[in-house]
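**Student:** One structure follows; several queries about it will come next.
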Number of protein chains: 2
Amino acid sequence: MRLLENLKWRYATKKFDPSKNISDKDLERLKEAIQLSVSSYGLQLYKVLVIENKKIRKLLKKASWNQSQITDASHLFIFCNYTKRSERHIDDYIQATAKIQGAPLDKLSVYGDFIKESLSQKTDSEWTSWSEKQTYLALSNLLMACAELKIDACPMEGFESDKYNEILELKEKGLNAAVIAPVGFRSEEDYTQFREKVRKSKELLFQSL
Amino acid sequence: MRLLENLKWRYATKKFDPSKNISDKDLERLKEAIQLSVSSYGLQLYKVLVIENKKIRKLLKKASWNQSQITDASHLFIFCNYTKRSERHIDDYIQATAKIQGAPLDKLSVYGDFIKESLSQKTDSEWTSWSEKQTYLALSNLLMACAELKIDACPMEGFESDKYNEILELKEKGLNAAVIAPVGFRSEEDYTQFREKVRKSKELLFQSL
């Protein structure tokens with residue numbers, strides 16, 4: 001099974017080779033995998049920054065406990081959730097659905113109202129948690145696409161999101177850096193690539209009923 | 001690219017064919033994909049219930065706005081995050097790492113202490129949000145494995161987690177039902193399978209810097 005092979009191949013890359021870059025063609029494929037991510041109600045309430053600029057990445061590295069992946073990788077993906085609810089997000093989705101599926105707008109609007117009503121019941125902290133979760137699904141698609149293309153990646157929570165938000169002026173746009181992933185190619189010197197994967201046994205992880 | 005084809009093939013299945021079941025062999029493959037999921041620090045702080053039992057699923061259906069997927073699908077996967085922090089989780093992980101990688105335990109213990117210290121800084125609501133997020137990465141692996149095996153699935157947040165926790169006696173085990181996915185085979189009558197996928201354009205979703 002291809003997916004299992006890819007999952008076994010990948011690892012959280014600690015040291016990238018700064019001389020190697022992802023091709024434009026592969027970058028588009030990675031974006032397409034993210035674009036196809038599952039999301040709650042299909043809303044995709046996030047924006048993904050793809051950063052090549054070295055100056056910006058130097059600043060971000062300081063806000064990431066100086067981890068070398070931030071600047072050494074070919075590209076840095078930053079998954080940003082929308083921090084505020086806006087009916088516009090749902091209206092845009094309903095409009096897009098009507099256009100793509102050729103469905104009648106009045107029937108879809110009823111569904112839009114249902115989504116708005118459901119989301120309005122979330123407290124602020126529930127909203128934050130929920131919208132951040134969606135970015136993890138998108139991150140996962142990126143990781144899986146990288147593995148198929150034999151591109152290395154390092155999913156990271158170890159960064160200061162407040163500082164990221166400041167450096168990238170995300171707050172003004174109603175966005176928050178939720179999770180990141182430098183992607184590129186492993187350095188031959190990265191000794192962690194030779195480590196055996198550690199996973200819980202199926203007996204510990206699953207329960208059948 | 002295989003992954004992109006699979007992502008385009010899949011859809012959130014609204015109506016399953018109750019007469020079709022996943023083979024034992026494929027079920028093991030789905031579990032292996034979940035087992036290989038990325039997780040923060042590699043801790044995999046969740047348990048995955050795989051429910052075939054029809055009686056239990058009838059009860060769960062009532063706690064899921066009576067959605068037919070819960071009982072009609074071949075199996076119901078329930079991703080449960082651990083609700084309380086326990087140093088045991090980290091100690092177990094460190095022990096497993098020492099065993100699998102043959103690494104010296106004293107050096108690994110320093111890393112274990114670092115993880116404990118990091119996690120202790122999270123507030124209770126941060127912990128909840130963080131541990132739930134990890135289940136979304138595992139859910140994503142299940143969805144991707146299903147798509148490769150041409151097994152249908154429906155990722156769902158639309159269920160009453162409190163009632164799930166009660167029915168499945170999860171609270172006593174320090175667990176919480178975070179997200180679920182019925183998996184099986186689509187009914188020919190499921191009209192949603194013919195709908196065009198709605199996704200944001202790359203221009204809307206990405207920003208390059």
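What follows draws every value from the coordinates through simple rules; no lab data is involved. Note that this is a predicted model, so its numbers are computed, not measured. FYI the Cβ positions are ideal-geometry reconstructions off the backbone, even for glycines, and counts take in every protein chain you see.
**Student:** Tell me what the protein assembly as shown gives for mean residue ellipticity at 222 nm when only DSSP H runs of n ≥ 4 count, each as -39,500 (n - 2.57), the sum divided by the residue total, rounded to 500 deg cm²/dmol.
**Tutor:** Computed mean residue ellipticity for the protein assembly as shown: -14500 deg cm²/dmol.
**Student:** Oh, and also: Quote the charge dipole size of the stretch B:11-193 about the Cα centre in Debye, to the nearest 20; the model charges only the Cβ of Lys and Arg (+1) and of Asp and Glu (-1).
**Tutor:** With Lys and Arg at +1 and Asp and Glu at -1, about 300 debye.
**Student:** Another one. For each pair in A:Lys107/B:Lys8; A:Lys61/B:Lys31; A:Lys31/B:Lys62; A:Lys116/B:Lys200; B:Lys20/B:Lys62; A:Lys62/B:Lys8, compute the distance between the two Cα atoms and list the pairs where it is over 30 Å.
**Tutor:** Beyond 30 Å: A:Lys61/B:Lys31; A:Lys31/B:Lys62; A:Lys62/B:Lys8.
**Student:** Another question, then. Label position 7 Å from Cα toward Cβ: report the copy-to-copy distances for B:Lys116 in nm, one decimal, ordered from shortest.
**Tutor:** 5.1
**Student:** Neighbour counts of other C-beta atoms within 10 Å: give me B:Phe206, B:Phe79 arranged from fewest to most.
**Tutor:** Lowest count first: B:Phe206, B:Phe79.
**Student:** Once each part is reduced to its C-alpha centroid, what is the distance from the stretch A:105-149 to the stretch B:152-209 in angstrom?
**Tutor:** Their Cα centres are 10 Å away from one another.
**Student:** For Cα pairs less than 8 Å apart in space and 6+ apart in sequence, what is the mean separation divided by the residue count of the stretch B:40-192, i.e. the relative contact order in percent?
**Tutor:** Relative contact order of the stretch B:40-192: 35 percent.
**Student:** Please compute, for the alpha-carbon atoms of the stretch A:11-194, the extent along each of the three principal axes and give them in descending order in Å.
**Tutor:** Reported extents, whole Å, longest axis first: 58, 32, 27.
**Student:** Okay, next question. Have a look at B:Ser125, B:Ser40, B:Ser187 and tell me which one the Gaussian network model of chain B (Cα, springs below 10 Å) gives the largest fluctuation.
**Tutor:** Looking only at B:Ser125, B:Ser40, B:Ser187, the largest GNM fluctuation is found for B:Ser125.
**Student:** What ranking of A:Met156, B:Met1 emerges when the number of other C-beta atoms within 10 Å of each C-beta is taken as an exposure proxy, fewest first?
**Tutor:** Ascending Cβ contact count within 10 Å gives the list B:Met1, A:Met156.
**Student:** Placing +1 on the Cβ of each Lys and Arg and -1 on the Cβ of each Asp and Glu in the stretch B:11-193, which of B:His89, B:Asn141, B:Tyr11 has its Cα farthest towards the positive end of the resulting dipole?
**Tutor:** Value: B:Tyr11.
**Student:** May I pose another question? Looking only at A:Gln35, A:Gln69, A:Gln95, which one moves most when chain A is put into a Gaussian network model with springs between Cα atoms under 10 Å?
**Tutor:** A:Gln95
**Student:** In nm, what does the list of distances from B:Gly42 to its counterparts in the other copies look like, shortest first, when each label sits 7 Å along Cα to Cβ?
**Tutor:** For B:Gly42, the inter-copy label distances come out at 4.0 nm.
**Student:** Restrict the search to the stretch B:8-101; then list the trypsin sites (Lys or Arg not before Pro) that DSSP places in a loop and that have at most 15 other Cβ atoms within 10 Å of their Cβ.
**Tutor:** Those that pass, being in a loop and sparsely packed, are B:Lys20, B:Lys84.
**Student:** Here's something else I'd like to know. In a Gaussian network model over chain B where Cα atoms closer than 10 Å are linked, find which of B:Leu119, B:Leu76, B:Leu139 has the largest mean-square fluctuation.
**Tutor:** Looking only at B:Leu119, B:Leu76, B:Leu139, the biggest GNM fluctuation is shown by B:Leu119.
**Student:** Let me ask something else. Using the Cα centre as the reference, give the magnitude of the dipole from point charges on the C-beta atoms of the stretch A:54-136 (Lys, Arg: +1; Asp, Glu: -1; all else neutral), rounded to the nearest 20 debye.
**Tutor:** Magnitude of the dipole: close to 720 debye.
**Student:** Next question. With unit charges on the beta carbons (Lys and Arg positive, Asp and Glu negative) and the dipole taken about the Cα centre of the protein assembly as shown, which residue among B:Ser118, B:Leu30, A:Trp130 sits farthest to the positive side?
**Tutor:** The one lying farthest along the dipole's positive direction is B:Leu30.
**Student:** Further, regarding this structure: Between copies, how far does the label point of B:Asn21 sit from its twins, in nm, shortest first, when each point is 7 Å from Cα along Cα→Cβ?
**Tutor:** Ordered by distance, the counterparts are at 5.5 nm.
**Student:** Another question, if that's okay. What helices does chain B hold that run 24 Å or longer along their axis, going by alpha-carbon atoms, with a Kyte-Doolittle average of -1.0 or more, using DSSP H for the helix calls?
**Tutor:** Once both thresholds are applied, what remains is B:124-148.
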